[in-house]
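Below: one structure, written as structure tokens.
The values are calculated or read from the model by the stated rules, or taken from the named source; none is laboratory data. Treat the numbers as computed from the prediction; the structure is a model and nothing was measured. Here Cβ is always computed from backbone atoms with ideal geometry, including for glycine, and neighbour counts include all displayed protein chains. Remember, those area values only see protein heavy atoms, side chains included, never the ligands or the DNA or RNA. Shrake-Rupley method; radii C 1.70, N 1.55, O 1.52, S 1.80 Å.
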Amino acid sequence: MTTLPAPLPSRNPFATRYTRPVANAYLFPEDAGAETLIARLREFHWWGQITGPHGSGKSTLVQTLLPGLEAAGRVIHCYTFHPAPWASTAASPAAGLRRASVAGWNPMTQIVVDGYEQLGWLQRTWWKWQCRRRGAGLLVTGHEDLGFPPLWRTETSAELTRRVVARLLDQADASWLRTEQLDRLFASHQGNVREVLFALYDLYEQQHHHGAPPRADG
């Protein structure tokens, strides 16, 4: 009896709903984990920074830490800032916040600002001042040093990218994607794993809907 190959699933494993930060846990090296970072953040009096290059998992790491922070008794308030499509000087330092929300911050509050470096000097000063005067913790992310205690620096590698892709593929057919092809994608996107996953989405769609073996050569 001839065994037919398993058909491709209808879902694309590289769709945003599977690759967004809330959908996956951060892949730590063997000598670290969420508990280690939360203990370190506690030593820093709940102030710290997560830095790393584009597409290296900073937002994913933040999402991975949230359950442990809540278990530690922290009341979390998350804010995300993206690059503005145009320059604006009219934005308030407290943009997106309600006065009542800020007034409720206290020593058990953990403020998390993803994309802190998108804020101007005045805005950064405002956030730090509000947290200090109320005793709240402040965890921020950015690409370079932001002047906070260093909690973690995210890095990428070809080996890490292979682990991320293997987790996403799970039981899906992976015969079309060779290791050397994936490594070339990683190199062509300069180590940006997020961009690699975007490219793999298109390649997977090409194979699934058109039946042609996709080229993953970047």
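Computed extension gain for Ala23 through Glu144, at 0.36 nm per residue and net of the alpha carbon distance, reaches 41.0 nm. Ordering of 21-29, 134-142 by packing is 134-142, 21-29, highest average first (other Cβ atoms within 10 Å, averaged per residue). Full extension of the segment from Arg11 to Asp173, taken as 0.36 nm per residue of separation minus the current Cα-Cα distance, would add 57.1 nm. Against the criterion of solvent-accessible heavy-atom surface with a 1.4 angstrom probe, Trp152, Trp129 sort, most first, into Trp129, Trp152. Potential lengthening of the chain between Met108 and Asp31 amounts to 24.9 nm, from the contour at 0.36 nm per residue minus the alpha-carbon distance. If R0 equals 45 Å, the separation of the Cβ atoms of Ser101 and Ser157 corresponds to a calculated FRET efficiency of about 0.70.
Amide H contacts of Ile76 (H built 1.01 Å from N, in plane; Pro and chain starts excluded): Gln110 sit under 5 Å, all sequence-distant by 5 or more or on other chains. Think of a 1.4 Å ball rolled over the protein heavy atoms: segment 96-187 then has 52 Å² of accessible area per residue.
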